[in-house]
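Beneath this line is the structure, given in structure tokens, with notes to follow.
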Amino acid sequence: MSLQKLPITTSDNVQIEIDQFVIKKSCLLQQMIADLCIDFESNETIDALPLQNHSSQIMQLVSNYCAHYSDREPEANVDDTQWNNQFLDAQSPATLLELISVANFLDIKALRTIVCLYVGKAINGRSPEDIGIILGYDNDFSEEDKKMVCLINA
């Protein structure tokens, strides 16, 4: 592959160009390129691929992650590296959930794994109420609703 980039259009209608190191980490993008017969060696313009479920901000984070690991695979114990922890500590709970979604969609296994492990550690041993607070969910169940759920699940 040459250094040509893959243009995509994000959910916020921003057109960004995805570097080759992101493509190499994403099984989905590799498959799309093969299916669409995209040739990075030609001088033809490549039409932007729509990724309508993910914002340019999230795609930039994915790009940052893939750039960090562009020359190597993540370490075996991916949840304990200092860079990964700094990368994830800087994100809001909503952003972490979006990162899980985009990593799953793009099939970037290492990114999906580190974010899931990070979120799992954050919610491990917490009450449902605490988990809702950590993940930014509002509990809109009334006491009656809660009792009904307990009866159904008993």
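Structure above, values below:
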{"read-out": "Acute angle (nearest 10 degrees) that the helix 109-123 long axis makes with the longest principal axis of the chain, alpha-carbon atoms", "value": "20"}
{"read-out": "Computed FRET value (nearest 0.05) for Thr9 with Thr45, which takes r as the C-beta separation and R₀ as 22 Å", "value": "0.95"}
{"read-out": "Cα-based helix-to-principal-axis angle, 143-153 vs the chain, degrees rounded to 10", "value": "80"}
{"read-out": "Whole-Å semi-axes of the ellipsoid equivalent to the chain (Cα gyration tensor, √5λ, descending)", "value": "36, 19, 13"}
{"read-out": "Cα-projected label distance for Ala94 with Gln30, points at 7 Å along beta-carbon direction, nm", "value": "3.4"}
{"read-out": "The chain - percent relative contact order, Cα under 8 Å, separation 6 or more", "value": "21"}
{"read-out": "Label-point separation, Asp71 to Glu144 (7 Å along Cα→Cβ), nm", "value": "6.4"}
{"read-out": "Under 15 Å between alpha carbons - lysine pairs in the chain that sit 8 or more apart or on different chains", "value": "4"}
{"read-out": "Helix axis angle, 93-106 relative to the chain longest principal axis, alpha carbon, degrees", "value": "50"}
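No value in this document is a laboratory result; all are computed from the given coordinates. These numbers were taken from a predicted model, which means no experiment stands behind them. Note that we place each Cβ from the backbone using ideal geometry, even for glycine, and neighbour counts take in every protein chain shown.
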